Each structure stands twice: as structure tokens, then as C-alpha cells.
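Following: one structure in C-alpha cells, then a few remarks.
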Amino acid sequence: MSRFRKGAGSTEQHPPGRAVAPASQGTAPCSLLRSLERLLLPAECLLCRGLLPSAHADRLVCDVCRHRWRAVRPPWCPRCSQPEPLFGRCRLCASWPGALVRVRSAVWLDDAARTAVHALKYDGLPRLADELAAVTARLVPGPESPAVLVPIPLGPRRLRARGYNQSERLAAALARRWHRPLDATLLARTRDTASQTALTPAARVANVAGAFRAGPLTPGHGPGVNPPAPRLVLVDDVLTTGATLAEAARALEQGGARVIEAVTFGRAIIPDFS
Ligand SMILES: [Zn+2]
Ligand SMILES: [Zn+2]
């Protein structure tokens, strides 16, 4: 038996594995339980179920699995970092709003990375955000200062069901590592949207059209101000076609933002766009 088993005190389904407290419930009994588990049971890697060395018992993912994640590397489109097209201009970012100047992703979303994102999103493992942020911060240079990190918000229905926003967790962990502030109030969802997973690229654009609203930007975000406006850095767990990031950036641009970047942990492999 290992620590990987259904989470004590949680109503969400976890992958087989160690008990994980719900995001907002770091209560003393849970901490006590976790400490007891640490003493009594060895920890397993969330992805491969291999035993973690005791020095890394607090981790969720072992070094072997981390090294399986394939970094997204150049040559790429300098704007969206999709692999360079064989001919012509990059189609992925051609219709993005002008303010969205740079998008980077840490790793390709193959099976190993997809399992981690799935656990972060659907299995109530928000603590995994810190591990994904560590990899992201190692592979993606932090934004130039001044910059403010802005997580992609969830719709209210999904937020209620999940109990936390995985992109906000990732953004908070990145903000700590990059020493940049986070503002989760700058962007809101105007409505719940269907999952993008099974949609075609065109349907993805339609699905998120008008789905975001920019909150009040501080005067520093406007044009011609001094000191310069901070760049806004959107944070999401995964980029597929970029439709969600582009629509969020469009809302921020309409709200007065002039320079927007984005970073995601994973990037789906879509041959049509390479
Ligand atoms: Zn592993
Ligand atoms: Zn591009």
C-alpha cells in the first residue's frame, strides 16, 4: 500500500494515490493526517506510480516523468511559438488581436503531460499547479517588469463544480516564482462556455466569442502614461488553437491593455497548424 489512494476528507475523485486536501481546506486535521501518512506510507508518483525517494516525498511527480515532458523549442513563430510553417505565414496567430504579442508554452501535450493536466483539472489536485509552474518557469523566461499575471477565468458553473480555477493556481505559482503580481479580477467570464475539447478550430473561436469581459484597468494600463503600463500576461493550463487566449486578449485590448503576453504549461500538437 502506498499513500496514493482516494483522498480523505475530499468529495472529489482523485487518481489512485496519496490523499490530497481540497484546495481551500488546509485544515489542521488534514495536515495531521498528511503528516501521519508521510510517516507511515511511501509516496508514489502521480503519473507512473513509481515510489518517490523519501527526500522528494512531498512531490507529486517523479523526476523520470518530469523528464518525459518534451519542451517546446524553436524554430518557431516568434509570436505564438508554434513550429515554423513550411511555407507562408503562421496560421495559428494570424487572426489574433494585435495587443497579444507573445505566447509561450512549456511542454508539448503528449500523454505524460496530458495526464498531469488532467489531474490538475479534473481530479482535485490543485497542489500539482506548483509542480507544473516549476517546469514552466524553468522553460519559459519570466516577463519583463512591469508585468501582471492574469489567469484565464472559469465560468461560474465550472468553478462551482471544480472548487478552484486550475489556471489561477498555475498563475499564482508562477507569480511566486517570477516575482510578479497576480490580478485575478482583471478578466471575467461573461458566460459559461462548452468544453473546447471536441470542437473544430472554427467552432472553438465561435464557442468563446464574447465570453470574456475586462475588469477596470488601472490608469497605468492606458496609452501614453508614465510610468509605462504593465504588460498583462495571461496564464492558462493548455493552448490548443489559441482561441481562448485570443478572445481573452481581445477583451483586455478593448479594455485598454496595449501589451499582452500569454503562457501555458501545455501545448496541444495540432499538425494542421504546423
Ligand atoms: Zn513518475
Ligand atoms: Zn504564430
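General observations
- Within the option set SER105, SER167, being under 17 Å from VAL263 (Cα atoms), assigned to a strand (DSSP E or B) and of a type outside the set (A, V, I, L, M) holds for one residue only, SER105.
- Selection within region 97-127: residues that are within 15 Å of GLY242 (Cβ to Cβ) and not hydrophobic (A, V, I, L, M, F, W, C). The member of this set that is surrounded by the most Cβ atoms within 10 Å (Cβ to Cβ) is SER105.
Yes/no matrix, rows are residues, columns are (1) more than 10 Å from ligand 1 (Cβ to nearest atom); (2) among the charged types (D, E, K, R):
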{"position": "SER54", "(1), (2)": "yes, no"}
{"position": "ASP58", "(1), (2)": "yes, yes"}
{"position": "ARG66", "(1), (2)": "no, yes"}
{"position": "TRP69", "(1), (2)": "yes, no"}
{"position": "ARG73", "(1), (2)": "yes, yes"}
{"position": "CYS80", "(1), (2)": "yes, no"}
{"position": "PRO85", "(1), (2)": "yes, no"}
{"position": "ARG89", "(1), (2)": "yes, yes"}
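- Contacts under 7 angstrom Cβ, first residue in region 79-93 being within 6 Å of ligand 2 (Cβ to nearest atom), partner among the hydroxyl-bearing types (Ser, Thr, Tyr), 6 or more apart: GLN82/SER274; LEU92/THR241
- Residue list for region 44-77, restricted to those being of a type in the set (D, E, K, R) and away from ligand 2 (no atom under 16 Å from the Cβ): GLU44, ARG49, ASP58, ARG59, ASP63, ARG66, ARG68, ARG70
- Some residue of region 21-30 being farther than 30 Å from VAL259 by Cα, modelled with pLDDT under 70 and in contact with a helix residue (DSSP H, G or I) (Cβ under 6 Å, 6 or more places away or on another chain): yes
The values are calculated or read from the model by the stated rules, or taken from the named source; none is laboratory data. In this text, all values refer to a predicted model and were calculated from it rather than measured experimentally. Cβ coordinates were reconstructed from backbone atoms using ideal geometry, including for glycine residues, and neighbour counts include every protein chain displayed.
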